[in-house]
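Chemist: Right, I'll just put the structure down here and ask away after.
The values are calculated or read from the model by the stated rules, or taken from the named source; none is laboratory data. Because the structure is predicted, anything quoted here is derived from the model rather than measured. Here the Cβ positions follow ideal geometry from the backbone for every residue, glycine too, while neighbour counts run over all protein chains shown. Areas reflect the complete protein model, heavy atoms only, side chains present, ligands, DNA and RNA absent. Shrake-Rupley method; radii C 1.70, N 1.55, O 1.52, S 1.80 Å.
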Amino acid sequence: MAGTDHLYSGSRSIPQRTMTRQYVGALDSGTTSTRFMVFDRQGQAVIQAQKEHAQIFPAQGWVEHDPMEIWKNVCEVIRAALQRGDLTAQDFAAIGITNQRETTVIWERKTGLPVYNAVVWQDVRTAGICAAWQADGLEPEVSRVTGLPISPYFSASKIHWILDHIAEGWSRAQRGELCCGTIDTWLLWHLTADQRFNTDVTNASRTMYMDLQTLAWDPGLLQTLGIPECLLPDIQPSSHPEAYGCTSLQGPLAGSVPIGGVLGDQQAATVGQTCFSPGEAKNTYGTGCFVLLNTGREIVRSQNGLVTTVAYAFGQAPPAYALEGSIAMGGATIQWLRDEMAMIATAAESEEWATRVPDSGGCYLVPAFSGLLAPHWRSDARGVLVGLTRYVTKAHVVRAALEAICYQSREVLDAMQRDSGMPLASLHVDGGATANDFLMQLQADIQGVEVVRPRCAETTSLGAAYAAGLAVGYWSSLTELRENYREDHRWQPRTAPQEREAGYRQWRKAVVRTLDWTDPNSR
Ligand code: ADP
């Protein structure tokens, strides 16, 4: 495995003294919470602080966050972690940022205040805008340039919607009065003294404006969609000693620390799992589930409903690409059972209920609550609970919810193997829901593949720390990062292939029942 010096072409201008500093920090601004984690050279988390933010649901299918609340929480968690560890800015060689992707904020250049709430990746209010773009025949060009299908999931239609719904949105954007970014850009702007207006290549690859080959905004698409380039941040490598500047003295770190890396959360998890070789894959079980397969320097175009994306770009080196399958409702299905259905008191209780029964009693839950993402891409789908009889109990439904997470993962993993021609040797897992041992066994059984969980459950934060630490020479090579990897547990499949396939056949029938549910006239 290569060292990193060639990745940065000797451009590291970070003072020597930062390399002797003890820690690297990672700011992880996720869908439901923000955390700040402090890592040592072995990749061990030494301190962390975390805070949830409000999920705002103004209408069916709409999901928003308050960008000011996220910024406030960022300040709080950083200050809390520093206090807990008795640390100051001087203890950090660098910090990295990782974030929920696609979620879009537009703010005023002059005041730094948002003009509207952040429109979250799960939000499907823009299905109509996307349908119109599809009717205009834009899909082949969008897919060729960006590697993405047209979907409300990506930032482009969200930006369009916000500009349509604020006073003089389009003309203010044209005049350069507004800034638009994903959460990384929003936080970077506020964290840096010189209000850096940048994003990294992995976040940019999720907007639906970036050319996968040139790694720049595509002028043709911007023109077709009417987006002025001054509205958008500059695209930078995911790991770089200078691109993201330093934290401001007035900010939560109260000192100047280089921001060495920025990565979208799923790409950060891929880096945290050290999936640096083509053919290595990880699945993160958080709010959603996200499977990424490293395809190396090759841009693999999916024939099976996956997305082509940038995995990471370190320094001046060419980027690594990935095939991705995104599932909107992963752990959020369990949250729904807890918060909306009151079936369980805690997410962990799902394990207890599911293990009271030997199977799901013939019932299937397909949580297409805001449509289906990969590999179906159907925003007209809605959730179903099918196969109900008087025999079905709460325990069966809870088990069906956990099975749904695994079946959805299987759909994308199967598509990935078809696209890449690479059989899956094992599946590296991370994210909050991997605390559920039963869910992990279920995944091994439903996929028929070994499931491996690392000791560090916070691989997303770790990946951001790795990107930042590499940039400033805190870690010297990818090999060093690989050596930090520690396995926690491994699950072997226990089901017979026949049983596995019979369950999967029923699941696919259940998925068909979700389709074509919403009324196209009221979308
Ligand atoms: P995110 O980073 O997307 O906010 P996390 O990685 O923190 O998500 O994981 C939180 C999700 O994991 C929640 O949706 C929660 O319901 C789910 N979860 C947490 N613990 C368990 C568990 N023991 N069993 C099943 N799901 C769980």
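Chemist: Just one of the numbered conditions (1) at pLDDT below 95; (2) surrounded by fewer than 20 Cβ atoms within 10 Å (Cβ to Cβ); (3) of a type outside the set (Ser, Thr, Tyr) is not true of Gln122; which one?
Modeler: (2)
Chemist: Now for a different question. Return the only residue of Ala45, Ala26 being modelled with pLDDT of 90 or more, within 16 Å of the ligand (Cβ to nearest atom), in contact with an Asp or Glu (Cβ under 9 Å, 6 or more places away or on another chain) and open to solvent by 30 Å² or more (accessible area, probe 1.4 Å).
Modeler: Unique residue meeting the criteria: Ala45.
Chemist: Is there a residue being within 10 Å of the ligand (Cβ to nearest atom), in contact with a Pro (Cβ under 8 Å, 6 or more places away or on another chain), hydroxyl-bearing (Ser, Thr, Tyr) and on the phi < 0 side of the Ramachandran plot anywhere in segment 324-335?
Modeler: Yes - at least one qualifying residue is present in segment 324-335.
Chemist: Restricting to segment 414-429, name every residue that is out of contact with any Asp or Glu (no Cβ under 8 Å at 6 or more places or on another chain) and either within 16 Å of the ligand (Cβ to nearest atom) or not in a helix (DSSP H, G or I) (or both).
Modeler: Residues satisfying the conditions are Gly421, Met422, Pro423, Leu424, Val429.
Chemist: How about segment 82-101: which of its residues are open to solvent by less than 20 Å² (accessible area, probe 1.4 Å), part of a loop (DSSP other than H, G, I, E, B) and farther than 21 Å from Ser33 by Cα?
Modeler: None; the set is empty.
Chemist: Under 6 Å between Cβ atoms, at least 6 apart or on separate chains: pull out the pairs that start in segment 479-491 with a residue that is closer than 18 Å to Met440 by Cα and end on any residue that is open to solvent by 80 Å² or more (accessible area, probe 1.4 Å) and in a loop (DSSP other than H, G, I, E, B).
Modeler: That search, which allows pairs on different chains as well, returns Arg486/Arg455; Asp488/Arg455.
Chemist: Hey, does segment 444-452 have a residue that's out of contact with any Phe, Trp or Tyr (no Cβ under 6 Å at 6 or more places or on another chain), farther than 28 Å from Thr31 by Cα and free of Cβ contacts under 8 Å to residues at least 40 places away in the same chain?
Modeler: Taking every residue of segment 444-452 in turn, none turns out to be out of contact with any Phe, Trp or Tyr (no Cβ under 6 Å at 6 or more places or on another chain), farther than 28 Å from Thr31 by Cα and free of Cβ contacts under 8 Å to residues at least 40 places away in the same chain.
Chemist: I'm trying to understand the selection: among the residues of segment 236-263, which are among the small types (Gly, Ala, Ser) and farther than 13 Å from Tyr466 by Cα?
Modeler: Passing the criteria: Ala243, Gly245, Ser248, Gly251, Ala254, Gly255, Ser256.
Chemist: A further question on this structure: Consider Thr18 carefully, then state whether it is within 18 Å of Gly432 (Cα to Cα), buried (at least 17 other Cβ atoms within 10 Å of the Cβ) and modelled with pLDDT under 95.
Modeler: no
Chemist: Moving to a separate point now. Here's a check for you: in segment 460-480, which residue that is touching a Ser or Thr at 6+ places or on another chain (Cβ under 6 Å) and open to solvent by less than 10 Å² (accessible area, probe 1.4 Å) is farthest from the ligand (Cβ to nearest atom)?
Modeler: In this case the residue turns out to be Val472.
Chemist: Now for a different question. Can you confirm whether segment 391-407 contains a residue that is among the acidic types (Asp, Glu) and more than 16 Å from the ligand (Cβ to nearest atom)?
Modeler: No, that holds for no residue.
Chemist: Where residues in segment 437-452 are buried (at least 21 other Cβ atoms within 10 Å of the Cβ) and within 13 Å of the ligand (Cβ to nearest atom), which of them is nearest to Asp488 (Cα to Cα)?
Modeler: So the residue we want is Met440.
Chemist: Output the residue which, of all residues in segment 183-219 that are open to solvent by 10 Å² or more (accessible area, probe 1.4 Å) and not in a loop (DSSP other than H, G, I, E, B), is farthest from Thr111 (Cα to Cα).
Modeler: That would be Pro219.
Chemist: When segment 139-165 is examined, which residues are found to be over 18 Å from Gly128 (Cα atoms) and of a type in the set (A, V, I, L, M, F, W, C)?
Modeler: Answer for segment 139-165, where residues must be over 18 Å from Gly128 (Cα atoms) and of a type in the set (A, V, I, L, M, F, W, C): just Val145.
Chemist: Which of (1) touching a residue at least 60 places away in the same chain (Cβ under 8 Å); (2) in a helix (DSSP H, G or I); (3) of a type in the set (Lys, Arg) does Lys110 not meet, given it meets every other one?
Modeler: (2)
Chemist: Would you check which residues across segment 225-235 are touching a residue at least 40 places away in the same chain (Cβ under 8 Å) and within 30 Å of Leu470 (Cβ to Cβ) and list them?
Modeler: Across segment 225-235, the qualifying residues are Leu232, Pro233.
Chemist: If you scan segment 48-81, which residues turn out to be farther than 30 Å from Glu480 by Cα, assigned to a helix (DSSP H, G or I) and within 16 Å of the ligand (Cβ to nearest atom)?
Modeler: Glu69, Ile70, Asn73
Chemist: Can we say Thr98 is out of contact with any Pro (no Cβ under 9 Å at 6 or more places or on another chain) and more than 16 Å from the ligand (Cβ to nearest atom)?
Modeler: The answer is no for Thr98.
Chemist: Among the numbered conditions (1) out of contact with any Cys (no Cβ under 9 Å at 6 or more places or on another chain); (2) in a loop (DSSP other than H, G, I, E, B); (3) away from the ligand (no atom under 13 Å from the Cβ), tell me where Ala457 comes up short.
Modeler: Among (1) out of contact with any Cys (no Cβ under 9 Å at 6 or more places or on another chain); (2) in a loop (DSSP other than H, G, I, E, B); (3) away from the ligand (no atom under 13 Å from the Cβ), the lone unmet condition for Ala457 is (3).
Chemist: Can we say Glu411 is in a helix (DSSP H, G or I), more than 16 Å from the ligand (Cβ to nearest atom) and without any contact (Cβ under 8 Å) to a residue 40 or more places away in the chain?
Modeler: So Glu411 does not fit the description; no.
Chemist: Has segment 353-360 got at least one residue that is open to solvent by less than 30 Å² (accessible area, probe 1.4 Å), away from the ligand (no atom under 16 Å from the Cβ) and over 19 Å from the mean Cα position of the chain (by Cα)?
Modeler: yes
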